[in-house]
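Written out below as structure tokens is the structure these notes cover.
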Amino acid sequence: MKLSTVFLFATSAVAIPWGNWQKWNKPSTTCLTYEQALYIQERSRVFQLKANLTDARLAGEELFAAQEYKQYGHSINSLRGDALGTLVEPDGVTYVANVLSAPPLYRIDSLAMLHNCTHIMEHWDFYGVGGARNNHIPVRGFALTKVDLTRETQPVVWRQVEFNSMQWANNTGFTIEFPTTGPYAPQPE
Ligand SMILES: *[C@@H]1O[C@H](CO)[C@@H](O)[C@H](O)[C@H]1NC(C)=O
Ligand SMILES: *[C@@H]1O[C@H](CO)[C@@H](O)[C@H](O)[C@H]1NC(C)=O
Ligand SMILES: *[C@@H]1O[C@H](CO)[C@@H](O)[C@H](O)[C@H]1NC(C)=O
């Protein structure tokens, strides 16, 4: 297990030397290296940030665009009003298309990353969810990513993504109110 430093990618976004998955997956197909985990994290950041749609599309297709890709997340289930455990995206091609058609974010900060041979856990802040007025508000979350190193393309098998969906909802215009009675109602001063 290794831990990356806070904001690592703010300054090193173009410094990843591997280029693409097909070229560098060969030396280690049994256990994810730290460099491979960082590469997947960085390509995922480029994809989700959408600062450049061409780059984002390439990164998304490289990692996720497999028909059998699966994404899960109770946070998104609840925002959509779906039953908990419902698959968030039917397949990787649809997932990539949906992310690319969503509004861009302002910034993504990586707070931490841990991995073992087959899984990566990332902790992150998304800024700018819901538009530029939220550029200063972090929506903090985690993503657990399952990787199959024996694949020639699209190494990501599935992802579990959970985040502060209350903040996400507020940013995107949901109306959130405290209960007026019960233990969660604000207490009088
Ligand atoms: C977006 O990325 C592509 C591919 O890397 C590059 O050719 C293009 O110049 C970039 N566009 C902008 C506006 O930076
Ligand atoms: C790696 O972590 C995942 C997630 O906790 C776990 O399911 C898997 O068994 C771990 N692999 C090993 C070899 O410990
Ligand atoms: C929730 O959104 C409203 C605007 O719709 C904003 O005034 C308020 O500060 C937001 N609260 C939080 C915690 O972001």
Report, by residue number, each residue of region 164-182 that is of a type outside the set (A, V, I, L, M, F, W, C) and in a loop (DSSP other than H, G, I, E, B). ASN164, THR172, GLY173, THR175, GLU177, PRO179, THR180, THR181, GLY182
Scope region 116-142; condition out of contact with any Asp or Glu (no Cβ under 8 Å at 6 or more places or on another chain), closer than 24 Å to ALA65 by Cα and hydrophobic (A, V, I, L, M, F, W, C); matching residues: CYS117, ILE120, MET121, PHE126, VAL129
Would you check which residues across region 129-163 are assigned to a strand (DSSP E or B) and of a type outside the set (Val, Ile, Thr) and list them? PRO138, ARG140, GLY141, PHE142, ALA143, LEU144, LYS146, TRP158, ARG159, GLN160, GLU162, PHE163
Could you tell me how many of the residues in region 28-71 are of a type in the set (Asp, Glu), over 11 Å from the mean Cα position of the chain (by Cα) and within 16 Å of ligand 1 (Cβ to nearest atom)? 3
Please determine whether any residue of region 103-115 is among the aromatic types (Phe, Trp, Tyr), under 15 Å from ALA169 (Cα atoms), out of contact with any Asp or Glu (no Cβ under 7 Å at 6 or more places or on another chain) and more than 16 Å from ligand 1 (Cβ to nearest atom). no
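To keep it simple, each residue is scored yes or no on (1) within 19 Å of the chain's Cα centre (by Cα); (2) away from ligand 2 (no atom under 16 Å from the Cβ); (3) modelled with pLDDT under 95.
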| position | (1), (2), (3) |
| --- | --- |
| ALA112 | yes, no, no |
| GLU122 | yes, no, no |
| VAL129 | yes, yes, no |
| ALA132 | no, yes, no |
Conditions: (1) assigned to a loop (DSSP other than H, G, I, E, B); (2) out of contact with any Leu (no Cβ under 8 Å at 6 or more places or on another chain); (3) more than 27 Å from GLU68 (Cα to Cα). PRO103 meets all but one. Number of the miss? (3)
Which residue, of ASN98, ASN135, is touching a strand residue (DSSP E or B) at 6+ places or on another chain (Cβ under 8 Å), over 23 Å from TYR39 (Cα atoms), without any contact (Cβ under 8 Å) to a residue 60 or more places away in the chain and surrounded by fewer than 19 Cβ atoms within 10 Å (Cβ to Cβ)? ASN135
Select from region 49-71 the residues that are buried (at least 19 other Cβ atoms within 10 Å of the Cβ) and at negative phi and list them in ascending order. LEU49, ALA56, ALA59, GLY60, GLU62, LEU63, PHE64, ALA65, ALA66, TYR69, GLN71
Within region 30-71, take every residue that is aliphatic (A, V, I, L, M) and in a loop (DSSP other than H, G, I, E, B) and give me the one that is nearest to TYR127 (Cα to Cα). ALA51
May I ask you to say which residue of GLY182, GLY173 is over 20 Å from LEU49 (Cβ atoms) and modelled with pLDDT under 95? GLY182
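Rundown of residues vs (1) of a type in the set (Asp, Glu); (2) in contact with a Ser or Thr (Cβ under 6 Å, 6 or more places away or on another chain); (3) more than 16 Å from ligand 3 (Cβ to nearest atom), yes/no style:
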| position | (1), (2), (3) |
| --- | --- |
| GLU61 | yes, no, yes |
| THR86 | no, no, yes |
| ASN98 | no, no, yes |
| ILE108 | no, no, yes |
| HIS115 | no, no, yes |
| GLY131 | no, no, no |
| HIS136 | no, no, no |
Those residues of region 143-189 that are surrounded by fewer than 17 Cβ atoms within 10 Å (Cβ to Cβ), within 16 Å of ligand 3 (Cβ to nearest atom) and either polar (S, T, N, Q) or more than 22 Å from SER78 (Cβ to Cβ) (or both) come to a total of 3
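The values are calculated or read from the model by the stated rules, or taken from the named source; none is laboratory data. This is a predicted model, so every value here is computed, not measured. Virtual Cβ from ideal backbone geometry, glycine too; neighbours counted across all protein chains shown.
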